[in-house]
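Enquirer: My questions all concern the structure below.
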Amino acid sequence: MTSLTPTSPNIYTRPLTITSQFSFCGLPLRLDSYAGCAFRCTYCFARYRGGNNGGDFVRPADSQSLKRVFDRALHSEPEKPGVIAQFLRRRVPVHFGGMSDPFQPAEARYHVTESFLRVLAAHHYPTVISTRGNMVASQPYLDLLREIGNVVVQFSFSSTRDQTARLLEPFSTPPSELLRVMGVLVRHGIRVTCRWQPYIPGVSERASEFLPRVASTGCSHVGFEHLKLPVERQNPLWDSLIHGVRRNLHNEYKQLGAKRDGREYVLPVEYKLPRVLEVASQVRKRDMTFGAADNELQFISDTDCCCSGVDQFPGFENWFKHQIAYAVRKCRGRAITYDSISREWCPSGSIDRFLNGDSRLSARCESSGTVRDHIRQRWNNPESPGNPASFYSVRPTDKLTSTGQRIYCWNLE
Ligand code: SF4
């Protein structure tokens, strides 16, 4: 095993952090054992940002770092724990693999994922793992997953066809093998879910082909999201041969009415909604639950914790609820108010240092930048990510609550 210490060059120093999507996500604690991902999926948003630089350069985290974070959080910060420590004490589930795959080839050399799983196992800590790699079903990982107990492994697919996946994800495990591995985990008593993310119109197969294959593994839940196309022109999807036909997905997206949102092109909700409803209905027919991962449609998921479905499993009760997507979901059929989530647990202390410069509140206004401050600020700012009006069919009213928070309503009311 190659051992890396905090003083080794090129070490990845902050493996456990708070995702920038915390204001509309039930799993805001993100853990990554590597910065950079050698699977290099053609559409990967992380490939072009957040330290996942082209996938060519993978940096391992210090393998002891997570143990230090847990030790400090649970034993040596009794008076004033930091934000991460509060999340850990509360046992808010960790999402392992948010920006890089924990079971990419670097793991065979550095074993950082193994070290992190040992820490999570020691605490039976609720953990959601995202992967496209089959290493997860080999030893010692299989035993470690069972030791954690409170674990869900999410397998990601754009397609269940090996031929299609070879074009889109040439360096990760082929889908036929991933499906086999899902079945192996299920037979070992490990909960397995599927992320059909991204679904690529005209490239991914129909639900009637995709879903029976996934359901046959014993999978419990399917999250579904249309491709958000990265704007970077070096992306192979700008101009590539797909099933023998030269395609330019950017032109196709433009024709379908996609709009630029930050660094991605996003399809219009009117285009996505019929397919989302159709996939949801087919998922339910196969005795799995459905999660809508297109952000503006999250509230039509079958379970409360955004698109992940993990809240249906014991051990995951403390998913994060002080966030806007949960307020929108909770208030279906009635006025949407911040009061609906204001009493949900929330850590104290500033989170500004986890956010990029533009998102920090303390630099811009008289605020200490706590999670609550950020949520309240985003609640009243229609331009901010995850604002209630960013959800399908939700619009602001001109009414405020007694605490100054805007009241939103449903267009269909
Ligand atoms: S496996 Fe995940 S993080 Fe890695 S390149 Fe593919 S989409 Fe990106």
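Enquirer: Which whole-number percentage describes the relative contact order of the chain, with Cα contacts under 8 Å and a sequence gap of 6 or more? It would help to have the intermediate numbers written out before the result.
Expert: Details: 813 pairs, mean separation 56.4, N = 413.
Worked out over the chain, it gives 14 percent.
Enquirer: What is the distance in Å between the Cα centroid of the range 321-371 and that of the range 90-142?
Expert: Distance between centres, Cα-based: 28 Å.
Enquirer: While we're looking at this one, here's another question. Work out the charge dipole of the chain with +1 on the Cβ of Lys and Arg and -1 on the Cβ of Asp and Glu about the Cα centre, then indicate which of V276, L400, A327 is farthest towards its positive end.
Expert: Final value for the positive-end residue is L400.
Enquirer: Over the range 189-235, what is the relative contact order in percent, taking alpha-carbon pairs closer than 8 angstrom and at least six residues apart?
Expert: 58
Enquirer: Now for a different question. For the range 127-239, with equal point scatterers placed on the C-alpha atoms only and solvent neglected, what are the log10 I(q)/I(0) values from the Debye formula at q = 0.11, 0.13, 0.17 1/Å, to two decimals?
Expert: -0.36, -0.50, -0.80
Enquirer: Based on alpha-carbon atoms only, what is the radius of gyration of the range 372-413 relative to the globular estimate 2.2 N^0.38 Å? Walk me through the numbers on the way to the answer.
Expert: Numbers: Rg = 10.1 Å, N = 42, 2.2 N^0.38 = 9.1 Å.
Computed over Cα atoms of the range 372-413, the ratio equals 1.11.
Enquirer: Just the number, please: carbon plus sulfur as a percent of the accessible area of the chain, 1.4 Å probe, no ligands or DNA/RNA counted.
Expert: On the way: 8520 of 17520 Å².
Using a 1.4 Å probe with all protein chains present, the chain comes out at 49 percent carbon and sulfur.
Enquirer: At R0 = 30 Å, how high is the FRET efficiency between H123 and D302 if r is their beta carbon distance? Nearest 0.05 is fine.
Expert: Computed FRET efficiency for H123 and D302: 0.55.
Enquirer: Rounded to the nearest 0.05, what FRET efficiency do S240 and R187 have when you use their Cβ-Cβ distance and R0 = 22 Å?
Expert: Details: r = 38 Å, r/R0 = 1.71.
Once rounded, the FRET efficiency stands at 0.05.
Enquirer: With every protein chain present, what is the per residue accessible area of the chain (1.4 Å probe, Å²)? Kindly include the intermediate steps, with their values, before the conclusion.
Expert: Working: 17520 Å² over 413 residues.
Value returned for the chain: 42 Å² of accessible area per residue.
Enquirer: Here is a follow-up. Run the reach check for K228 against lysines, Cα to Cα strictly under 16 Å, same-chain hits fewer than 8 apart removed. What comes back?
Expert: Leaving aside lysines fewer than 8 places away in the same chain, those within reach of K228 are K254, K259, K272.
Enquirer: Please compute the Cα-Cα pair-distance distribution of the range 222-271 with 5 Å bins starting at 0, giving whole percents from short to long.
Expert: 5, 20, 28, 23, 16, 8, 0
Enquirer: Peptides 103-112, 247-256: what's the order by average Cβ count within 10 Å, highest mean first? Walk me through the numbers on the way to the answer.
Expert: Details: 103-112: 19.7, 247-256: 16.0.
In decreasing order of mean packing, 103-112, 247-256 become 103-112, 247-256.
Enquirer: Rounded to the nearest 500 deg cm²/dmol, what is the calculated helix-only ellipticity per residue at 222 nm for the chain, with -39500 (n - 2.57) per DSSP H run of length n ≥ 4? List each step's numbers first, then the result.
Expert: Details: 12 runs with 109 residues, N = 413.
Per the formula, -7500 deg cm²/dmol.
Enquirer: Over all directions, what mean area does the Cα convex hull of the chain project, stated in square nanometres? Don't jump to the answer; show the numbers that get you there.
Expert: Numbers: hull surface 80.5 nm².
Result: a mean projected hull area of 20.1 nm².
Enquirer: At 7 Å along the Cα-to-beta-carbon direction for both A389 and S368, put a label point, then send me their distance in nm to one decimal.
Expert: In this crude spin-label approximation the distance works out to 3.1 nm.
Enquirer: Another question about this same structure. Which of the peptides 258-271, 394-407 is most tightly packed, and how do the rest follow, going by the mean number of other Cβ atoms within 10 Å of each residue? Could you put the intermediate results ahead of the total?
Expert: Numbers: 258-271: 14.8, 394-407: 12.9.
Per-residue mean Cβ counts within 10 Å order the peptides as 258-271, 394-407.
The values are calculated or read from the model by the stated rules, or taken from the named source; none is laboratory data. Keep in mind it's a predicted model, so treat the numbers as computed, not measured. All Cβ positions, even for glycine, are placed from backbone atoms using ideal geometry, and neighbour counts span all protein chains on display. All accessible areas refer to the heavy atoms of the entire protein, side chains included, with ligands and DNA or RNA removed. Shrake-Rupley method; radii C 1.70, N 1.55, O 1.52, S 1.80 Å.
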